[in-house]
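Reviewing the structure listed below.
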Amino acid sequence: MRAATRPPPTGPKKTVLSRVLWSYVIITFAFALVAGYAVLQQRQSVRDTALIRTGYVPLTLALRDAVALQNSYNSQLNHITEARNPGDKRVWFETSMRLGRPRAFMEIRSAMRRVFTSHNPLLGEALGAESQRIERFLEGDRDVLAQLFSALDRGEPLKAEQLRDQLVTRGNDALTLLRTLEDRVNVQLDTLTEDASRRELLTLRFLLGWAVFSILVGIGVGLYARRLLQPLERVTQRAKAVASGDLTPHEVVASHDEIGELAHTFESMVAAIARASHELRESERLATIGKMAAHVTHEVRNPLSSIALNLELLDEELSKLGAGANRSEAQLLHQAIKHEVERLTELTEQYLSLARRNEPTLEFEDFAEVVLEALMFVEPDLTRHGVEVERDIAEALPPVRLDEAQIRQVLHNLLRNARQAMPKGGRVTVRVRESGDGVELEVADTGEGIDPLVSGQLFEPFVTTKSHGTGLGLSISRHIIETHGGSIRCEANAPRGTRFVVHLPAPSAPVQA
Ligand code: ADP
């Protein structure tokens, strides 16, 4: 029976464990990527919030205070010439110039340092320089204010109004400069806030996208796992079928992992069981046939030997008769009967061999000698049939353990077949040589070759192409050789004929015969 299992796929093996591990690594890596990204974004948000809370908020408040101070400064200026008591106003202005403004600008500068030192130092420098310029510009008010209060003290209203208008214009200019500075800071704050909300939106979208992707990956991994384990289901189904007696060969699951390996091993096991059960059935069949054959052969052998004995007596009687037509006709008949009796005897021998299937009695023998002796015995018969014998026997062969009678029987079978394959004569070559771990016997003929109808089953019992053949010779020969631990094969003999090659192993350690 032919095993239908095919070899497992080659190439590096992908184990289920490695696949699971890889899936796990990919998912973990993806998770670490998302977690890392989210943490980074969160840290940036925390940093921005801290910057707004400790930097931008105090800075905008300081700027607003400075603007508010400048507003009240400007409105005080508007009414300074109509004041009943300019001395009070002078105290207010001087306090504002000495304390209010310096404090306001100091707070602006310190808040700017907090905001821009790490965040945007270049812009910080530019804005700091701008605040210093405004402060210096406002410093110029001090002289004009002094002149204004002197004019008021001296009672020069026209001069005082002129100086007041100059101060109002300067105050408005300073206000405009302060508002511009405030606007620039506000733009920065807006940019920061917009960046933060844009980042938040991006993170949200990224997380959403990743959630969708994770779901898709989850579905993918689920389908992949299903596909991965599907062969296991098929192996289970197959095991159930085998358990219920289905030993027919099946396609092996072609996955290159442990499941594929399991399926392949399982199919090899099923093939082995199928082979064993086939062989068991075959040997049971042969045993039954053997029993019958033994019984019939036993019954036939006794009459056959008495016929053979009587034939010899008859031969003697015939030789006593005088020469004549009757005598030669009787001798021809005698020869024909003798031939048939011999054939029947040989047939009974073969059936008995099949029935007995004796275990060989192994002894160390000189293989070449056994072959030569057997050949000597058969050679006259071969020559009589026009078959020339060629010997090619090697010397100093390793000793092999064999049952001489059984090996002779094999050689007889092979030589008889060779003779029968060359009805018009030919040449048979008998070769003995050392081969591998033992010895090899080759019987090659120049006959008609193997009939293609039986070429695949030559060694099966009862397979014959001959009208009087039993189909047992090669089957018995193979059994004998296999019980010797050897092998027998048949091949075409170029340019024509057939060659049978028998291999017998020699024991590995040299042993004395
Ligand atoms: P049998 O000789 O009774 O037919 P065997 O088992 O000895 O039984 O041989 C089986 C068949 O193998 C033969 O019938 C023949 O067809 C084929 N065969 C065996 N030996 C040879 C050979 N040397 N050349 C051609 N055919 C052969």
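The values are calculated or read from the model by the stated rules, or taken from the named source; none is laboratory data. Model, not experiment: these values are computed from the prediction. Note that each Cβ is placed from the backbone with ideal geometry, even for glycine, and that neighbours are counted across all protein chains shown. In case anyone asks, the SASA skips ligands and DNA or RNA and just uses the protein heavy atoms, side chains included. Shrake-Rupley method; radii C 1.70, N 1.55, O 1.52, S 1.80 Å.
Among the residues of region 455-473, write down those that are among the hydrophobic types (A, V, I, L, M, F, W, C) and open to solvent by less than 20 Å² (accessible area, probe 1.4 Å). Give the steps one after another, and end with the answer.
Start the filter on region 455-473 by keeping residues that are among the hydrophobic types (A, V, I, L, M, F, W, C), which leaves 458-459, 462-463, 472.
Residue satisfying the conditions is L472 alone.
Please work out which one of (1) small (G, A, S); (2) touching a residue at least 60 places away in the same chain (Cβ under 8 Å); (3) surrounded by fewer than 15 Cβ atoms within 10 Å (Cβ to Cβ) is the condition A211 fails and give its number.
(2)
Of everything in region 336-360, what is open to solvent by 60 Å² or more (accessible area, probe 1.4 Å), under 15 Å from V410 (Cα atoms) and within 54 Å of the chain's Cα centre (by Cα)? Give them in sequence order.
R357, N358, E359
For the subset of region 27-51 comprising residues that are touching a residue at least 24 places away in the same chain (Cβ under 8 Å) and open to solvent by less than 50 Å² (accessible area, probe 1.4 Å), which member is farthest from N186 (Cα to Cα)?
A30
Which ones in region 349-390 are within 16 Å of the ligand (Cβ to nearest atom) and not in a helix (DSSP H, G or I)?
Hits for region 349-390 are R357, H385, G386, V387, E388, V389, E390.
Of the residues that make up region 252-267, is at least one loosely packed, with under 13 Cβ neighbours inside 10 Å and at pLDDT 85 or above? Please lay out each step first, then the result.
From region 252-267, those loosely packed, with under 13 Cβ neighbours inside 10 Å are 254; that's our starting set.
Now drop any that are not at pLDDT 85 or above, which leaves none.
The answer is no, given that none of the residues of region 252-267 is loosely packed, with under 13 Cβ neighbours inside 10 Å and at pLDDT 85 or above.
How many residues does region 471-486 hold that are closer than 14 Å to Q409 by Cβ, part of a loop (DSSP other than H, G, I, E, B) and near the ligand (Cβ under 8 Å from one of its atoms)?
Number of matching residues: 1.
Counting only residues that are open to solvent by 90 Å² or more (accessible area, probe 1.4 Å) and part of a helix (DSSP H, G or I), how many does region 70-90 have? Walk me through how you get there before you give the answer.
Narrowing region 70-90 to residues open to solvent by 90 Å² or more (accessible area, probe 1.4 Å): 79, 82, 84, 88.
If we keep only those that are part of a helix (DSSP H, G or I) as well, we get 82, 88.
The number of residues fulfilling the criteria is 2.
When you scan region 376-383, do you find a residue that is closer than 24 Å to R357 by Cα, at pLDDT below 95 and of a type in the set (A, V, I, L, M), even just one?
Checked against the condition, which is being closer than 24 Å to R357 by Cα, at pLDDT below 95 and of a type in the set (A, V, I, L, M), region 376-383 yields at least one hit.
What number goes with the only condition from (1) open to solvent by less than 80 Å² (accessible area, probe 1.4 Å); (2) free of Cβ contacts under 8 Å to residues at least 40 places away in the same chain; (3) among the acidic types (D, E) that E369 does not pass?
(1)
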